[in-house]
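Report on one structure; see the data block that follows.
The values are calculated or read from the model by the stated rules, or taken from the named source; none is laboratory data. Note that the structure is predicted; figures quoted are calculated from it, not measured. Here the Cβ positions follow ideal geometry from the backbone for every residue, glycine too, while neighbour counts run over all protein chains shown. Calculation scope for accessible area: heavy atoms of the full protein, side chains included, ligands and nucleic acids excluded. Shrake-Rupley method; radii C 1.70, N 1.55, O 1.52, S 1.80 Å.
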Amino acid sequence: MNSQCYAQGHGCSVVWDLDNAEPQHIKTAFVPTFNLHQMKANEISGNPVFNMLYLHTAEKEDVINNLRSFIGLYDKWIEEQQLLGLSAKYASYSDTVTKALDTCEGILNRILHSIDLLEEDNSFAWLAFKYANEAMYLQRCKTIEKKDGAEAINPEKINWYPFQLAFILLEIASFVEPDGDDRKLVDLLWFPTGGGKTEAYLGIAAFEIFYRRLSNPE
């Protein structure tokens, strides 16, 4: 929180003097200095809802209940942050913290609304969600088969990361309700390279492809 950023590079990196409290020089840098390990997203155990094949084959009621259980963890985390408060040292950041937690609450409510849409009877959204997960599962199987052979495919290990599934759920309402408030928003998924952003976007694309075909069969 107290780290200072004195410059940002565009098409390059920047470095500055670290020996003084106030840098005496700033310069561009193109040769890597540090070896950064690839970041891996957190996983959550004990809930089958992250498994792509499960999301395609399981009973609707079971999937919905497990989705709500998953998002309930996010709700609990928000409550914990609200109770945590700030020490006097960081009191000046209280407005920023409040704004961030309000945004988290908004995200939570949007995801819960998308789950409600999946739960509706005769919902094309539910079928599109099932088929999207089947498509992503088959895609992952093909990738594994091409790289390591068919014997390397383990359905139990073909899963979404929690942030990927949450992002897909976050976007569903904007497709199902084109006149809704979510359609006015642009959501950016941030995660370091190689962490799974593209797959999350492809999951949303698969959902939309199936949803359009189901809801507009002509």
Condition test on L67, is it assigned to a helix (DSSP H, G or I) and either at pLDDT 95 or above or over 17 Å from the mean Cα position of the chain (by Cα) (or both)? yes
On the given criteria, is L117 open to solvent by less than 80 Å² (accessible area, probe 1.4 Å), at pLDDT 95 or above and aliphatic (A, V, I, L, M)? yes
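Rundown of residues vs (1) open to solvent by less than 80 Å² (accessible area, probe 1.4 Å); (2) under 22 Å from the mean Cα position of the chain (by Cα); (3) without any contact (Cβ under 8 Å) to a residue 40 or more places away in the chain, yes/no style:
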residue: N51; (1), (2), (3): yes, yes, no
residue: H56; (1), (2), (3): yes, yes, no
residue: G85; (1), (2), (3): yes, no, yes
residue: A91; (1), (2), (3): yes, no, yes
residue: L101; (1), (2), (3): yes, yes, yes
residue: C104; (1), (2), (3): yes, yes, yes
Look through the range 188-218, keep the residues that are of a type in the set (S, T, N, Q) and not in a loop (DSSP other than H, G, I, E, B), and return whichever of them is least open to solvent (accessible area, probe 1.4 Å). S215
Within the range 29-42, does at least one residue satisfy the condition of being surrounded by fewer than 10 Cβ atoms within 10 Å (Cβ to Cβ) and either closer than 27 Å to Y90 by Cβ or in contact with a Lys or Arg (Cβ under 9 Å, 6 or more places away or on another chain) (or both)? yes
Where a residue in the range 149-163 is closer than 16 Å to A135 by Cα and its partner, wherever it lies, is aliphatic (A, V, I, L, M) and part of a helix (DSSP H, G or I), with Cβ under 6 Å and at least six apart: I153/I144; P155/L53; I158/M52
